[in-house]
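Values quoted throughout were computed directly from the atomic coordinates according to the rules given, and no laboratory measurement underlies them. Keep in mind that what you see is a predicted model, and the values were worked out from it rather than measured. A quick note on method: Cβ atoms are made from the backbone with ideal geometry, for glycine too, and the neighbour counts reach across all protein chains shown.
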Amino acid sequence: MPAQGWRGRDVISILDFTREDLCSLFEAAERMKRLLSEGRVSRLLEGKIVALAFFEPSTRTRLSFETAAKRLGAETIGFTGEEAVSVAKGENLADTVRMLDGYADVIVIRHRYEGAALYAAEVAEKPVINAGDGKQHHPTQAMLDLFTVKELFGGIDGLVYGVLGDLRFGRAASSFILGLTFFKPEKVYLISPPLLRTRPEVRVRLEEAGIRYEEVDRLEDVLGELDVLYVTRIQKERFPDPREYEKVRGSYRVTRELLEKHAKPGLRVLHPLPRVDEIAFDVDETGYAAYFIQARNGVPVRMALLSLVLGAEV
Ligand code: NCD
């Protein structure tokens, strides 16, 4: 797709895009990946400034955006944590965003409140990229997750997916499920304790897209059918009541033994990371583990995204 269709666009939800948009992003990401593997230097975004406004903690998302920008010759400005900026002095979000809008060419924002990125996009003239807003959306994570599936399997259609964990508060899981609705999965299993079921709006979207899905409690019951197992941690910080968290803490765990007993040999396990205890460390050295490949893909996918949004010819 010509870069034109992406130029200046806000990236708030994965649902803002189409299958064609995503496929063009993946093609651009493949080119970026080649560039990285050949060790070539690109100045594609030279002179551009990317603002990284992380009001919430982040490791991979912030650092991969920063790496992506720098690999293309752009500069970054930004902060992590509210205490580091004038929010701690009582500044409101709109004022902070207006300021960044005046300094940078694109604003990447993470915030604990749902809707914060959309609000920032309304305030800012420059494109705003949502790097996670509360429990709601994490579109760039879904982009790199889908890209990783495409890379591992040669396509996204026709596979059986299991999404395991905190489907209620996890924005990465919800965005991944929403992203799947642009494709034709064979089936999607939503695997979680009853307390952490997928939110209604996500289920409605699956239904609208005509995707076969089933909600189940136990991984063991469906593991043997899966091509992709997408695991997420329990989002402890988003529970309104800590006693609710105690009820589900440690309620699922993927181990090497479990995988060797039930999984198809070609199963690949994804996880947006950070992991707590939901994937045992002994899974890391098996052929199932694909979460570090996935994390690495954050850089080429975000390089492609920044280039497209900033209107650079990829
Ligand atoms: C995810 C997030 O922040 O939503 N992490 C990430 O961006 N890779 C998932 C999580 O925190 O569990």
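Of the residues 148, 232, 76, the one that moves most in a GNM of the chain with alpha-carbon contacts below 10 Å is 76.
The relative contact order of region 185-314 comes to 22 percent, based on Cα pairs under 8 Å that sit 6 or more residues apart.
Applying both filters, DSSP loop and at most 14 other Cβ atoms within 10 Å, to the GluC sites (Glu not before Pro) of region 160-238 gives 186. Largest GNM mean-square fluctuation among 165, 132, 81, using the chain with Cα springs under 10 Å: 81. Please state the shape class of region 252-295: rounded when a/c is under 1.5, otherwise prolate if a/b exceeds b/c and oblate if not, all from the C-alpha gyration tensor. Since a/c reaches 1.5 but b/c is at least a/b, the shape of region 252-295 is classed as oblate. Under the criterion of Cα pairs below 8 Å and six or more residues apart, the relative contact order for the chain equals 22 percent.
For the listed peptides 56-63, 193-200, a ranking on the average number of other beta carbons within 10 Å per residue, highest first, reads 56-63, 193-200. Only helices enter the 222 nm calculation for the chain: every DSSP H run of n ≥ 4 contributes -39,500 (n - 2.57), and dividing by all residues gives -11000 deg cm²/dmol, rounded to 500.
Between 52, 286, 219, the Cα set farthest toward the positive side of the dipole of the chain (charges on each charged residue's Cβ, about the Cα centre) is that of 286.
Can you classify region 134-271 as rounded, prolate or oblate using the Cα gyration tensor, where a ≥ b ≥ c are the square roots of its eigenvalues, rounded means a/c under 1.5, and otherwise it's prolate if a/b beats b/c and oblate if not? Oblate is the answer for region 134-271, as a/c is 1.5 or above yet b/c matches or exceeds a/b. Summing Lys and Arg as +1 and Asp and Glu as -1 over all other residues whose Cβ lies under 13 Å from the Cβ of residue 70 gives a net charge of +2. Give me the percent of DSSP beta bridges within the chain that run antiparallel, rounded to the nearest 5. Close to 5 percent. Between the C-alpha center of region 189-235 and that of region 241-255 there is a gap of 17 Å.
Among the listed pairs 89/135; 89/126; 126/150; 150/264, a Cα-Cα separation exceeding 21 Å is found for 89/135; 89/126; 126/150.
Here's the list of aspartates and glutamates a cross-link from residue 70 could span, going by alpha-carbon distance under 20 Å and ignoring same-chain residues fewer than 8 apart: 30, 38, 46, 101, 105, 313.
Only Lys, Arg, Asp and Glu carry charge here, each on its Cβ (+1 for the first two, -1 for the last two); on that basis the chain has a dipole of about 360 debye about its Cα centre.
Given their separation in residues at 0.36 nm each and the Cα-Cα distance between them, residue 244 and residue 94 gain 50.7 nm when the chain is fully extended.
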